[in-house]
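Comments concern the structure below.
Laboratory data are not the source of any read-out in this text; all were calculated from the coordinates shown. These figures come from a predicted structure and were not determined experimentally. Cβ placement follows ideal geometry from the backbone for every residue including glycine, while neighbour counts extend to all protein chains displayed.
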Amino acid sequence: MEDFVASHILIQKSMLLDILLAIVLGFAIGFEREITNKWAGLRTHMLVCLGSCIFTLLSIHAFPVFAHSPQADPARIAAQILTGIGFIGGGTVLRHGYSIYGLTTAATLWITASIGMACGCGFTTLATVCTVLAVGTLVLIRLFEKHYIHKGAKNIKRFKISFYAPIEKADDIYSNIIEKFHSIFEISKKDSTANPTLVKISFKLDVIDKSPVQALHSKLNDIKEIESVSIQELFE
């Protein structure tokens with residue numbers, strides 16, 4: 001009886017350490033998400049890691065009566081973690097115009113759940129190493145993207161540009177716009193109803209740049225005759 005009690009206490013202590021480690025590792029990933037101003041931050045990742053660890057522990061230890069049953073499946077509860085994380089991760093993915101946000105955060109929730117499961121199984125070294133790799137990937141790859149692929153296709157944005165120009169310069173400016181902006185897919189020119197000496201030119205284009213509005217302003221500033229520039233991002 002004493003051996004059983006001592007063994008039970010050791011198991012409880014081991015489980016407690018696994019739970020504490022899950023909270024710490026969840027904090028590490030959540031902290032990276034928090035400082036980058038993502039919706040799923042510290043609390044979300046800590047709770048996901050903790051919950052995954054607890055469910056895994058329950059899956060292993062909570063049903064000893066059925067441990068030797070032919071129908072026993074200790075992974076059944078733990079397997080449902082993936083389904084639950086799928087719902088949570090899906091809630092973090094948002095479409096805004098032509099851009100999709102939240103995929104990386106959904107992936108971090110997914111990896112956080114797996115780390116919590118590793119803690120619950122007692123694979124503490126694996127969980128720690130994977131946390132280091134996950135945080136390293138988030139930080140280092142972001143720096144790599146910032147310096148080398150910030151003009152990638154993921155950053156494409158669609159804008160509508162409108163401005164007024166003197167009627168005698170309208171044709172030249174119209175041609176200049178077509179030559180200067182190569183991604184135009186729609187352009188129009190019509191007389192101003194408020195001022196007969198002005199012509200309104202509007203065009204739509206796709207911009208691939210880290211700072212698209214600044215890039216557009218820089219190109220438009222070279223055309224001295226234009227007036228009242230309006231830059232509107234389109235979300236279709």
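Can you divide the C-alpha Rg of the stretch 74-215 by 2.2 N^0.38 Å and report the result to two decimal places?
That works out to 1.72 for the stretch 74-215.
When the convex hull of the Cα atoms of the stretch 153-233 is projected onto a plane and the area is averaged over all directions, what value comes out in nm²?
The number I arrive at for the stretch 153-233 is 5.0 nm².
So which trypsin sites (Lys or Arg not before Pro) in the stretch 127-236 are both in a DSSP loop and have at most 13 other Cβ atoms within 10 Å of their Cβ?
Lys151, Lys210, Lys224
Could you please tell me the mean projected area of the C-alpha convex hull for the stretch 193-236, averaged over all directions and given in square nanometres to one decimal?
4.2 nm²
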